[in-house]
Amino acid sequence: MTEPILRVQNLSITYTVGAGVFQAVSDVSLDIYPGQVVGIVGETGCGKSTLAQAIPRLMPEPPASIGSGKIIFRGTDLVQVPKRKMPMVRGTGIGMIFQEPLNSLNPAYRVFDQIVESIQIRHFREIGVVKSFQGGEVPFDYSKRPTTKVSSALTRSVIPEGAAEEIVKQRIRTRSDYRKEVLDYLRLVRINDPETIIDLYPHELSGGMRQRIMIAMALSEKPSLLIADEPTSALDVTIQAQVLTLMKDLIDEVDASILFISHDLGVIAETADEIGVMYAGRIIEYGPVDEVFRSPRHPYTKMLLAAAPRIYKSDGSLRSIPGNVPNLSRPPSGCRFHPRCPLARPVCKEKTPPLAPVTPSGPDTPPDAHRSACFFSEEVPGLP
Amino acid sequence: MTGEGKATPQGVTAPPGKGFVRSVQESLGTFWRVLRANPLSFLGFLMVAIICLTALIIVVAPHLLVPYGPQVNTGAYSKPPSSSHLFGTDANGFDIYSNVMLALPIDLGIGIAIAGAALLAGGALGLIAGFYDRPGTVGAAVSLTIMRLTDIFLSFPSLILALAITRALGIGVWETVLAIGLTWWPYYVRLVRGEVLAIKHLPYVTAARAAGVRENRILLRHVVRNLLEPIVVYFTLDIGTVLVTYSTIGFIGVASKYPGPQPEWGAMLAFYQSAGSINTYPWEVFAPGLAIFITVLAFSLLGDGLRDILDPRTRRAFVRGTVSHDPPPELPPLASAEVAGAPSAAAGPVDSGVPT
């Protein structure tokens with residue numbers, strides 16, 4: 001088995017706001033392997049965005065702080081990395097796509113200037129002008145990273161194959177070199193007429209276009225892990241479909257693993273290989289996306305799927321999960337879902353159920369792939 | 001779209017990589033279009049240009065514009081404006097036009113110097129206080145110190161504080177400049193810090209951080225560029241305010257002496273309104289008052305124009321020749337783009353007709 005590109009181990013994150021301490025993320029473990037697309041679903045406030053921002057350490061510290069756990073990215077524990085060294089890890093290592101395409105582009109700069117900044121950062125690291133990150137057991141060496149399909153096609157024009165390292169280092173790129181590369185990335189995200197778009201300001205672009213520029217920005221860093229934090233939530237349904245199609249196409253072309261955060265079950269079902277369901281800061285169910293959707297083994301997942309509106313269901317009202325999302329400054333003891341759970345027994349109040357493997361529903365599912373944090377996961381399929 | 005410098009549908013010449021010269025040309029072109037589209041800012045720009053040019057001529061070659069020295073008795077006493085004395089003469093026989101003109105460089109210089117010094121000092125402090133204020137760091141302590149110091153200065157009425165400092169330092173032009181300068185920077189700290197606080201939490205700053213941009217570069221490239229617009233506009237308007245404040249202190253009589261070797265508008269107003277009767281010799285106070293009025297008005301109008309130029313949104317709107325927004329360019333549906341572009345997307349860039 002290959003090494004996971006990202007390994008999150010028992011990560012806990014708290015927000016200290018005034019006198020209250022909110023456990024936004026508790027004891028989350030997650031592995032992402034090369035080329036994998038992992039989706040995280042959950043309702044608002046379940047900690048999924050905090051998790052996404054915590055991996056490249058983008059959340060404001062303080063008020064947020066990592067209580068315990070490890071974020072091992074390519075052999076380095078990012079929790080131990082000093083804050084001032086984090087810019088070296090971000091960018092070329094971890095790319096991010098944000099939720100709000102409206103505000104995620106700097107209004108003062110043209111599309112070219114937005115994208116070229118991350119290309120320059122990567123370029124400087126590749127040729128060694130800027131020091132790359134050397135912490136941890138496995139040093140980051142940006143120049144020796146495995147090239148991907150797209151990136152090899154892109155860099156070939158700039159750095160010839162087998163060129164002596166000195167020549168590569170001496171090679172200074174001009175503005176038109178950068179312009180060409182930016183245009184390449186605009187084409188990569190399927191922007192028609194990139195020659196015009198490259199000189200426009202963000203306010204002159206539509207929401208879908210802006211989100212594509214965002215994706216181009218994230219891809220131009222050639223990250224090995226791409227974190228998409230609700231990339232389609234702020235878009236119209238039609239544009240949403242376009243962006244999703246684009247992302248699905250890019251998954252094949254760009255050799256990056258993707259962590260896809262969304263509250264939309266349909267979006268996750270479309271894109272992800274594996275799905276993690278979060279509730280009140282914990283991952284309560286994890287497994288291959290087909291498996292989890294076909295036979296959920298946690299009452300919350302089951303009820304969440306039942307609550308999703310369906311186009312062919314015309315009779316009756318929408319189902320909802322009774323009760324409210326718990327206040328994360330005083331989470332319920334034991335299993336955090338027990339106040340709302342139809343299967344709750346006394347033990348659920350006292351002990352926290354571990355995320356344990358469940359018996360797979362079909363023969364083609366690997367035995368340990370599907371895990372659920374419920375004492376009575378065998379009873380879940382029997383729920384209405 | 002391969003033609004060099006071909007005009008895009010937006011009416012903007014696409015810079016095909018000629019770099020600096022072209023971008024300067026484009027900026028100047030934009031500048032000119034905005035001014036042309038907005039007559040009042042154009043007037044302001046013209047007025048400021050003329051005022052600055054006049055001040056320069058008076059410094060370099062005063063005899064071109066000023067017929068008499070500051071304390072020259074022309075032999076005509078308290079004469080109303082005429083062709084030989086544009087703004088009349090006073091009871092001492094001094095030519096008022098000459099004195100008003102001779103005061104222009106010093107008044108203008110004081111306005112720009114004080115506002116500029118306050119902008120630089122207050123702006124820098126505001127950036128630090130706004131950007132590096134994460135609790136529990138050294139920056140937070142520095143930021144707190146800056147802000148409390150600012151609050152102390154702001155709790156005094158600036159004019160009274162400037163007067164008090166002037167009195168303590170002694171009467172004179174430079175003492176007054178120093179006094180106003182000391183009271184002026186806190187406004188810039190407040191303004192800049194507020195803007196920084198608003199900008200630094202915007203998603204594009206986080207996006208830049210996620211792209212691996214370092215903190216100092218984020219501050220300079222992403223934050224400062226976006227607060228430039230309100231700051232420059234405020235600065236331009238502020239030059240007028242400084243001028244009025246200086247003239248007020250001059251009017252009270254603690255800044256500079258009039259009549260004297262270096263006339264100043266505020267001091268002239270003070271002298272003429274106390275020495276003569278406004279009813280009998282109205283032209284004496286009219287001239288310095290008009291000078292203050294025109295200068296302040298010019299900078300106010302220019303400030304409005306600059307706002308339009310610095311904001312990319314209004315700038316483009318002006319460049320397109322209309323203030324209303326054109327809709328963003330229509331996009332063909334992705335499906336067709338996929339069919340056409342997807343298979344060649346990875347290989348296409350290298351050999352496609354990219355202009356060089």
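The values are calculated or read from the model by the stated rules, or taken from the named source; none is laboratory data. Being a predicted model, the structure only gives us computed values, none of them experimental. Don't worry about glycine lacking a Cβ; one is built from the backbone with ideal geometry, like all the others, and counts go over all protein chains shown.
Quick notes on this structure:
- Test: residue in the range B:223-243 that is within 25 Å of B:F153 (Cα to Cα), assigned to a helix (DSSP H, G or I) and in contact with a Lys or Arg (Cβ under 6 Å, 6 or more places away or on another chain): yes
- Evaluation of B:V60 against (1) among the β-branched types (V, I, T); (2) more than 21 Å from B:A267 (Cβ to Cβ); (3) in contact with a strand residue (DSSP E or B) (Cβ under 7 Å, 6 or more places away or on another chain) (one fails), failing number: (3)
- Which listed residue is closer than 19 Å to B:W184 by Cβ and over 26 Å from the mean Cα position of the chain (by Cα), from B:I252, B:I239: B:I252
- Exclusive hit being over 25 Å from B:A298 (Cα atoms), in a helix (DSSP H, G or I) and touching a residue at least 40 places away in the same chain (Cβ under 8 Å), set B:L127, B:L191: B:L127
- For A:G67: the one exception among (1) outside any strand (DSSP E or B); (2) more than 10 Å from chain B (Cβ to nearest Cβ): (1)
- Test: A:G281 is modelled with pLDDT of 75 or more, touching a strand residue (DSSP E or B) at 6+ places or on another chain (Cβ under 7 Å) and at positive phi: yes
- Subset of the range A:281-299 [surrounded by 24 or more Cβ atoms within 10 Å (Cβ to Cβ) and of a type in the set (A, V, I, L, M, F, W, C)]: A:I283, A:I284, A:V292
- Residue that is surrounded by the fewest Cβ atoms within 10 Å (Cβ to Cβ) [pool: residues in the range B:70-105 that are under 30 Å from B:T241 (Cα atoms) and either charged (D, E, K, R) or out of contact with any helix residue (DSSP H, G or I) (no Cβ under 7 Å at 6 or more places or on another chain) (or both)]: B:Q71
- For beta carbons closer than 9 Å, sequence separation of 6+ or different chains, a first residue in the range A:191-211 that is more than 8 Å from chain B (Cβ to nearest Cβ) and more than 11 Å from A:V111 (Cβ to Cβ) and a second that is part of a loop (DSSP other than H, G, I, E, B) and among the hydroxyl-bearing types (S, T, Y), the qualifying pairs are A:Q211/A:S104; A:Q211/A:T232.
- Evaluation of A:S333 against (1) surrounded by 18 or more Cβ atoms within 10 Å (Cβ to Cβ); (2) not in a helix (DSSP H, G or I) (one fails), failing number: (1)
- For B:V66, the criteria (1) farther than 16 Å from B:D107 by Cα; (2) out of contact with any strand residue (DSSP E or B) (no Cβ under 9 Å at 6 or more places or on another chain); (3) crowded, with 17+ Cβ neighbours inside 10 Å; (4) of a type in the set (A, V, I, L, M, F, W, C) hold in every case but one, which is (2).
- Of the criteria (1) more than 8 Å from chain B (Cβ to nearest Cβ); (2) in contact (Cβ under 8 Å) with a residue 12 or more places away in the chain, which one A:D113 fails: (2)
- Number of the exception - A:K248 against (1) basic (K, R); (2) surrounded by 21 or more Cβ atoms within 10 Å (Cβ to Cβ); (3) within 14 Å of chain B (Cβ to nearest Cβ): (2)
- Selected residue [closer than 20 Å to B:I96 by Cβ, out of contact with any Pro (no Cβ under 9 Å at 6 or more places or on another chain) and at pLDDT below 75] from B:A275, B:A270: B:A275
- Of the numbered criteria (1) part of a loop (DSSP other than H, G, I, E, B); (2) within 23 Å of the chain's Cα centre (by Cα); (3) of a type outside the set (A, V, I, L, M, F, W, C), the one A:P309 fails is (2).
- Exactly one residue out of A:A308, A:A228, A:A280, A:A272 is small (G, A, S), within 14 Å of another protein chain (Cβ to nearest Cβ) and touching a residue at least 40 places away in the same chain (Cβ under 8 Å), and it is A:A228.
- Condition check for B:V177: in a helix (DSSP H, G or I), out of contact with any strand residue (DSSP E or B) (no Cβ under 8 Å at 6 or more places or on another chain) and more than 14 Å from chain A (Cβ to nearest Cβ): yes
- Looking across the range A:79-112, the residues that are closer than 17 Å to B:R214 by Cβ and in a helix (DSSP H, G or I) come down to A:K83, A:R84, A:K85, A:M86, A:P87, A:M88, A:V89.
- Yes/no for A:E270 being assigned to a helix (DSSP H, G or I), of a type in the set (D, E, K, R) and buried (at least 17 other Cβ atoms within 10 Å of the Cβ): yes
- Hey, B:V213 over 23 Å from the mean Cα position of the chain (by Cα) and surrounded by 20 or more Cβ atoms within 10 Å (Cβ to Cβ) or not: yes
- Complete set of residues in the range B:188-227 that are within 9 Å of chain A (Cβ to nearest Cβ) and among the β-branched types (V, I, T): B:V205, B:T206, B:V213
- Evaluation of B:R225 against (1) out of contact with any strand residue (DSSP E or B) (no Cβ under 7 Å at 6 or more places or on another chain); (2) surrounded by 21 or more Cβ atoms within 10 Å (Cβ to Cβ) (one fails), failing number: (2)
- Per the conditions (1) over 30 Å from A:R210 (Cβ atoms); (2) modelled with pLDDT under 75, the sole criterion not satisfied by B:P333 is (1).
- Answer from B:A164, B:A140, B:A121 - the residue that is within 25 Å of the chain's Cα centre (by Cα) and either part of a helix (DSSP H, G or I) or surrounded by fewer than 15 Cβ atoms within 10 Å (Cβ to Cβ) (or both): B:A121
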